[in-house]
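Asker: Below is a structure I'd like to ask you about.
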């Protein structure tokens with residue numbers, strides 16, 4: 001047998017593609033939010049092998065999906081599940097397809113199916129198999145075995161039910177050389193931020209840390225092979241050029257688990273990446289966002305990255321207490337996190353963050369401390385206040401701990417836990433509806449953060465745009481006001497609840513404030529955009545197909 | 001300064017259309033929007049599968065018992 005996709009160590013390999021092979025039809029069903037790189041990679045690898053791939057957004061709903069698939073009867077329907085909470089939605093599609101007589105092989109992949117394949121197979125009887133861990137090679141292998149009519153049950157890297165028993169085949173090693181994979185297939189119009197097209201990209205896969213609430217490290221550590229794999233800077237630049245020239249992309253969102261800036265090797269890699277961005281003429285044509293750990297944020301390095309187009313950094317801050325960071329195994333301190341945020345503010349890089357106001361170690365006191373931390377971090381209005389409650393997702397160490405402690409609650413679609421102080425369960429339950437006017441997809445905090453990202457995008461591209469500083473100052477004032485209003489709501493309701501008074505957990509004042517805040521934001525924003533509309537239209541319509549960028553990879 | 005009608009008539013790409021461009025990791029609020037009816041469907045499927053597993057085990061155990069009993073009779 002010959003290797004077709006190089007870079008796979010000593011694992012099972014695939015037969016080389018043959019010209020006489022009948023191509024298989026495969027449908028991939030998943031979320032298309034911000035593009036879906038996982039599905040894009042699967043589709044690209046299948047296409048490289050000559051197969052026909054349809055990519056379908058699960059949000060189209062069972063009826064519309066069935067219309068597309070029932071008459072075609074693809075050989076395989078692959079469901080790409082990102083979050084376990086969406087499992088019922090996928091199952092509804094699968095059962096509808098089965099009811100209409102679709103007999104395709106149904107398989108599913110993603111973090112949750114990989115780590116909790118037994119639960120998935122038990123709850124999703126329409127499935128024939130689960131593809132575990134990185135799916136590119138396994139899915140191709142499965143499709144080709146089915147296409148040949150040879151036994152698919154020996155495919156390495158899958159699990160399935162036989163006679164009510166779970167069968168797991170030998171695990172397939174992770175893809176060691178990410179540059180051996182083709183660029184992801186992206187058959188859709190990019191989303192836009194104020195007219196500037198945006199698409200996601202990966203420079204690496206894997207994370208070296210072991211945060212207890214995260215399943216990324218268990219996903220990569222359970223499969224054989226090196227956990228963190230980084231692409232060559234030259235190949236990353238090639239893909240950036242390709243996205244710019246062929247999709248007109250101006251804003252690139254690096255969706256790495258942890259952008260690879262760790263240690264001296266990370267700095268060398270970043271230096272090369274930045275140097276190549278300048279050489280390729282991408283700087284000023286493209287701006288980019290990364291997600292990384294706060295400990296990487298260091299003034300000189302990030303100044304260099306900013307000058308090469310970095311405009312936004314997402315960090316998983318997660319807790320404002322030392323105990324919380326310890327429980328979550330973040331291996332960070334409160335002060336380190338604050339220092340990183342401060343450095344980014346000084347450099348003029350927009351900050352975005354994940355923060356879990358509630359985690360299994362929470363007490364009334366720690367929630368108060370967390371609010372104090374948020375006030376220190378974003379009280380100045382440089383970003384809107386957002387937070388969540390940690391949820392015990394499948395495959396995470398903290399879920400096992402909570403189970404052992406007898407605190408795990410809910411079910412697969414609604415994982416939950418009890419706080420140590422049971423009064424906090426009730427406070428949280430009552431609090432959630434009253435913070436939704438801020439913390440929700442259409443909430444004020446989300447709108448303010450989008451406005452910040454949009455302003456940074458516009459001010460980076462449209463040189464000469466007027467009123468930037470005035471708009472920035474007004475946005476900062478509004479954000480600071482909204483944040484303070486939210487913090488006060490949290491503090492006052494917390495204190496009152498502890499004293500047996502629930503009257504502060506009232507939705508109406510919050511809703512009225514946020515509706516008004518939303519209107520004020522929209523007015524500020526639209527005036528700024530309208531004032532600069534001619535310049536923006538000219539900037540947005542800049543030709544991306546010409547210019548000093550490298551020749552893109554063709555595949 | 002722009003006339004007010006410009007604000008209402010911004011060309012499509014420049015209209016206010018907020019959406020997250022950072023990682024949408026927090027699923028808590030999405031979770032609450034899932035149709036509760038689906039959960040019942042999932043639970044039913046779980047119990048059906050548990051029942052199927054136990055039926056298979058019971059059938060297997062009965063067969064083994066039969067084989068052992070026959071072997072014991074033969075001495």
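The values are calculated or read from the model by the stated rules, or taken from the named source; none is laboratory data. Computed from a predicted model, the values in this text were never measured in an experiment. Heads up, the Cβs are rebuilt from the backbone with ideal geometry, glycines too, and the neighbour counts pull from every protein chain shown.
Asker: Out of the helices (runs of 4 or more DSSP H) lying entirely within region A:47-146, which hold 1 or more residues that are farther than 25 Å from residue A:257 by Cβ and within 14 Å of chain B (Cβ to nearest Cβ)?
Answerer: Of the helices (runs of 4 or more DSSP H) lying wholly inside region A:47-146, those with at least 1 residues that are farther than 25 Å from residue A:257 by Cβ and within 14 Å of chain B (Cβ to nearest Cβ) span A:62-69, A:87-99, A:117-123.
Asker: Look through region A:396-407, keep the residues that are surrounded by 19 or more Cβ atoms within 10 Å (Cβ to Cβ) and farther than 15 Å from residue A:362 by Cβ, and return whichever of them is farthest from the other protein chains (Cβ to nearest Cβ).
Answerer: Looking at the filtered set, the residue picked out is A:399.
Asker: Of the conditions (1) modelled with pLDDT of 60 or more; (2) farther than 20 Å from residue A:81 by Cα, residue B:46 clears all except one; give me its number.
Answerer: (2) is the only condition that residue B:46 fails.
Asker: Next question, about the same structure. When the residues of region A:133-148 are filtered to those that are surrounded by 22 or more Cβ atoms within 10 Å (Cβ to Cβ) and in contact with a strand residue (DSSP E or B) (Cβ under 6 Å, 6 or more places away or on another chain), which remaining residue is farthest from residue A:159 (Cα to Cα)?
Answerer: Ranking the candidates gives A:143 first.
Asker: Please work out if residue A:377 is within 18 Å of residue A:335 (Cα to Cα) and in contact with a strand residue (DSSP E or B) (Cβ under 6 Å, 6 or more places away or on another chain).
Answerer: Criteria not met by residue A:377.
Asker: For region A:343-387, which positions are in contact with a helix residue (DSSP H, G or I) (Cβ under 9 Å, 6 or more places away or on another chain) and either without any contact (Cβ under 8 Å) to a residue 12 or more places away in the chain or at positive phi (or both)?
Answerer: Result: A:348, A:381.
Asker: So, of the residues in region A:510-535 that are touching a helix residue (DSSP H, G or I) at 6+ places or on another chain (Cβ under 8 Å) and more than 14 Å from every other protein chain (Cβ to nearest Cβ), which turns out to be nearest to residue A:468 (Cα to Cα)?
Answerer: Checked region A:510-535; the qualifying residue nearest to residue A:468 (Cα to Cα) is A:513.
Asker: For region A:309-325, give me the residue count where each residue is touching a residue at least 24 places away in the same chain (Cβ under 8 Å) and over 30 Å from residue A:462 (Cβ atoms).
Answerer: The qualifying residues number 8.
Asker: A follow-up question, please. Any chance region A:179-188 includes a residue that's without any contact (Cβ under 8 Å) to a residue 60 or more places away in the chain and either in contact with a strand residue (DSSP E or B) (Cβ under 8 Å, 6 or more places away or on another chain) or within 30 Å of residue A:416 (Cβ to Cβ) (or both)?
Answerer: Checked against the condition, which is being without any contact (Cβ under 8 Å) to a residue 60 or more places away in the chain and either in contact with a strand residue (DSSP E or B) (Cβ under 8 Å, 6 or more places away or on another chain) or within 30 Å of residue A:416 (Cβ to Cβ) (or both), region A:179-188 yields no hits at all.
Asker: Next question, about the same structure. For region A:324-349, enumerate the residues that are within 14 Å of chain B (Cβ to nearest Cβ) and buried (at least 22 other Cβ atoms within 10 Å of the Cβ).
Answerer: Listed by number, the residues that qualify are A:328, A:344.
Asker: Just the residues that are under 18 Å from residue A:200 (Cα atoms), buried (at least 20 other Cβ atoms within 10 Å of the Cβ) and away from chain B (no Cβ under 14 Å), please, taken from region A:275-304.
Answerer: Scanning region A:275-304 gives A:277, A:282, A:285, A:286.
Asker: Could you identify the single residue in B:20, B:13 that is modelled with pLDDT of 80 or more and either facing chain A (nearest Cβ under 7 Å) or in contact with a helix residue (DSSP H, G or I) (Cβ under 6 Å, 6 or more places away or on another chain) (or both)?
Answerer: B:13
Asker: Now a separate question. Could you check region A:433-458 and list, in sequence order, the residues that are facing another protein chain (nearest Cβ under 8 Å), farther than 22 Å from residue A:191 by Cα and surrounded by fewer than 20 Cβ atoms within 10 Å (Cβ to Cβ)?
Answerer: The answer is A:436, and nothing else.
Asker: In addition: Could you tell me which residue of region A:411-431 is farthest from the other protein chains (Cβ to nearest Cβ), considering only residues that are more than 19 Å from residue A:327 (Cβ to Cβ) and surrounded by fewer than 17 Cβ atoms within 10 Å (Cβ to Cβ)?
Answerer: Looking at residues that are more than 19 Å from residue A:327 (Cβ to Cβ) and surrounded by fewer than 17 Cβ atoms within 10 Å (Cβ to Cβ), I get A:423.
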